[in-house]
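Just so it is clear, none of the values below were taken in a lab; they were calculated from the coordinates. Since this is a predicted model, take the numbers as computed values, not measurements. Neighbour counts run over all protein chains shown; Cβ positions are idealised from the backbone, glycine included.
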Amino acid sequence: MLTPTRFLATLSLVVGAIAPLHAQTASAGAPDPEQLRKVVSDTERAFAKTMADRDFAAFAKFLSADTVFQGAKGSLRGPAAVTAVWKKFFDGPKPPFSWEPDNVEVMTTGELALSSGPVRDPNGKLVARFNSVWRQEAPGVWRIILDMGNDACDCPKP
């Protein structure tokens with residue numbers, strides 16, 4: 001099972017491997033990181049709104065062609081696998097959970113971003129945290145490439 005620590009370590013390796021390939025694009029004309037954080041935050045909120053709006057078709061549009069969702073029962077690879085499992089969360093009039101970003105980081109190239117935040121049950125109780133990696137696939141078009149949720153815990157603050 002991919003633990004949060006291993007997930008972040010893997011993400012660091014991926015980012016570290018990609019960054020040198022894009023060193024030339026991270027020059028004086030590099031995107032504004034604050035603006036990129038806002039765009040990715042807004043994209044994550046729009047993605048979460050698909051659940052609140054019960055709009056399964058809109059949910060699927062945020063998935064990259066090579067998306068991977070990691071869960072307790074293993075990985076779901078590709079939009080067809082993700083939507084087959086996530087369809088049940090869109091059944092019924094009320095969403096079974098909600099989420100929102102409270103942390104967003106974007107690479108200086110403006111091509112990859114990490115968003116994370118709380119997942120809450122219908123009563124607002126914290127039940128998990130999500131971690132999502134987004135890729136800008138066209139100008140202004142961000143899609144999720146990696147997603148992983150972790151159960152919430154009452155862990156001591158460092």
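Quick check: residue separation of Asp102 and Asp121 times 0.36 nm, minus the Cα distance between them. What number comes out in nm?
On the way: separation 19, 0.36 × 19 = 6.84 nm, distance 1.68 nm.
Gain on extension, Asp102 to Asp121, equals 5.2 nm.
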- request: Using the structure shown, list the pairs from Lys38/Lys94; Lys38/Lys88; Lys61/Lys87 with a Cα-Cα distance above 24 Å, or answer none.
  value: Lys38/Lys94; Lys38/Lys88
task: Sticking with the crude label model, points 7 Å out along Cα→Cβ, report the distance from Val141 to Ala60 in nm, one decimal please.
output: 1.7 nm
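Report, in cubic angstrom per residue, the convex hull volume of the C-alpha atoms of the stretch 32-151.
Working: hull volume 11.7 nm³, N = 120.
It comes to 97 Å³ per residue, whole-number rounded.
Given 0.36 nm per residue, what is the gain on full extension from Phe89 to Asp53 after removing their alpha carbon distance, in nm?
11.8 nm
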